[in-house]
Amino acid sequence: MSLKKAKEVINIEAQAIKDLSKRIDGEFLKAVNLIVKCKGRVIVSGMGKTGIIGRKIAATLSSTGTPSIWMHSAEAVHGDLGQVTKNDALIIISHSGETEETKRLLPLVKKIGVKIIAMTGQPKSALAKHSDVVLNVAVKKEGCPLGLAPMASTTATLVMGDALAACLIQRKGFRKEDFAFYHPGGSLGRKLLLKVEDLMRKGNYYPKVKESVLVKNVLLAITRARCGSACVVDGRGKFIGIFTDGDLRRHLKSDQHILARKVGEVMTKNPSTISKDKLAVEALHVLQEKRIDELPVLDKNGKLSGLLDIQDLLKAGLL
């Protein structure tokens, strides 16, 4: 019985979303245009479970380039109404459109002069009549076996809010880089904001040796710096190659005296490199594609600036 009921609820809510798509019309476009032209913020208000959905809508709008805040309908008439200005757009969510808190709020916000977008399941309700735009989120049936708890209706409201946010992203030309700016602590933010120079090893934190240095001394420098390689420069300080533990293993097979050789004789010449102003995620792609663990980092003039190790990307959460 429980499995049957679970599937029934899912089907009811899925149908509510399908029905919602049929109501995307001129009113929806009016809502999008109203928000695009809004000089202030989008304020989302509601009560109870639809209010919780409203919080999510406000959060989604804010994180995708439309400044938005949440205002509880009951708290609004106890001081929070001071957050609303005539330059704002107010989204009021009420499935019945007749809740006491909503009806008390309407004349007050109308007096302020704010534009109102209603999300309601009753297009002829008091809320709808006093709104500039009405988004119909009506459902044929709730998923609740008692027909009391809002389920399909809150799902429909959530999806309508997502549809608004998606269209606003498109209209405003909001980019991934913009999203990353508002989410610097998230994985996407790290991928789109962190540059190679933010993570690379500089100064004494990576070994830089001349081509005439013996391999045994290069290994000591690598150990001290706790790296897996050393960058090699010529007598003028120009970057010419890299010496890795892989180079050491390859040469050990054929040369037992490699430790006494000059590093310039056994290094990898013309290795893969990356510019310090590139995104760290681009460096990750190079490391994975080439199946290497270190990348020498160059400035715009081709001068050695540092070393990026795959472990640095791991610590930054890019892996």
Check your understanding: In region 212-232, how many residues are modelled with pLDDT of 90 or more, surrounded by 17 or more Cβ atoms within 10 Å (Cβ to Cβ) and outside any strand (DSSP E or B)?
Key -> 6
Review point. Which of the following residues is more than 17 Å from Val44 (Cβ to Cβ) and buried (at least 18 other Cβ atoms within 10 Å of the Cβ): Met151, Met119, Met160?
Key: Met151
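Quick grid of which residues meet (1) surrounded by 20 or more Cβ atoms within 10 Å (Cβ to Cβ); (2) closer than 23 Å to Lys86 by Cα:
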{"residue": "Glu8", "(1), (2)": "no, no"}
{"residue": "Gln15", "(1), (2)": "no, no"}
{"residue": "Leu20", "(1), (2)": "yes, no"}
{"residue": "Arg23", "(1), (2)": "no, no"}
{"residue": "Asn33", "(1), (2)": "no, yes"}
{"residue": "Ser45", "(1), (2)": "yes, yes"}
{"residue": "Arg55", "(1), (2)": "no, yes"}
{"residue": "Thr66", "(1), (2)": "yes, yes"}
Exercise for review: Please determine, by comparing only the residues of region 283-319 that are in a helix (DSSP H, G or I) and buried (at least 19 other Cβ atoms within 10 Å of the Cβ), which one is modelled with the highest pLDDT.
Suggested key: Leu287
Exercise for review: Could you please tell me which pairs satisfy a Cβ distance under 6 Å, a separation of 6+ or placement on different chains, a first residue in region 290-319 that is without any contact (Cβ under 8 Å) to a residue 60 or more places away in the chain, and a second residue that is surrounded by fewer than 20 Cβ atoms within 10 Å (Cβ to Cβ) and of a type in the set (Asp, Glu)?
Suggested key: Ile310/Asp293
Review point. Would a scan of region 27-37 turn up a residue that is of a type outside the set (Asp, Glu), in contact with a strand residue (DSSP E or B) (Cβ under 9 Å, 6 or more places away or on another chain) and outside any helix (DSSP H, G or I)?
Key: no
Practice item. Filter region 198-235 down to residues that are touching a Cys at 6+ places or on another chain (Cβ under 8 Å) and not aromatic (Phe, Trp, Tyr) and give me whichever is nearest to Gly306 (Cα to Cα). Key: Arg201
Check your understanding: Of these, Gly51, Gly40, Gly82, which one is over 17 Å from Lys103 (Cα atoms), without any contact (Cβ under 8 Å) to a residue 60 or more places away in the chain, assigned to a helix (DSSP H, G or I) and not hydrophobic (A, V, I, L, M, F, W, C)?
Key -> Gly82
Practice item. List the number of the failed condition for Ile69; all other conditions in (1) part of a helix (DSSP H, G or I); (2) touching a residue at least 24 places away in the same chain (Cβ under 8 Å) hold. Key: (1)
**Study point:** Subset of region 4-30 [touching a residue at least 40 places away in the same chain (Cβ under 8 Å), among the basic types (Lys, Arg) and over 14 Å from Met151 (Cβ atoms)]
**Key:** Arg23, Lys30
Point to revise | Residues located in region 93-136, provided they are in a loop (DSSP other than H, G, I, E, B), over 21 Å from Lys30 (Cβ atoms) and either out of contact with any helix residue (DSSP H, G or I) (no Cβ under 8 Å at 6 or more places or on another chain) or not assigned by TED's automatic domain parsing to the domain that holds Leu29 (or both) | key: Ser96
Exercise for review: Select from region 173-204 the residues that are surrounded by fewer than 16 Cβ atoms within 10 Å (Cβ to Cβ) and modelled with pLDDT of 90 or more and write down the one among them that is nearest to Leu313 (Cα to Cα).
Suggested key: Asp198
Review point. Among the residues of region 203-211, is there at least one that is touching a Ser or Thr at 6+ places or on another chain (Cβ under 8 Å), in a helix (DSSP H, G or I) and farther than 20 Å from Asn301 by Cβ?
Key: no
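The values are calculated or read from the model by the stated rules, or taken from the named source; none is laboratory data. These numbers were taken from a predicted model, which means no experiment stands behind them. A quick note on method: Cβ atoms are made from the backbone with ideal geometry, for glycine too, and the neighbour counts reach across all protein chains shown.
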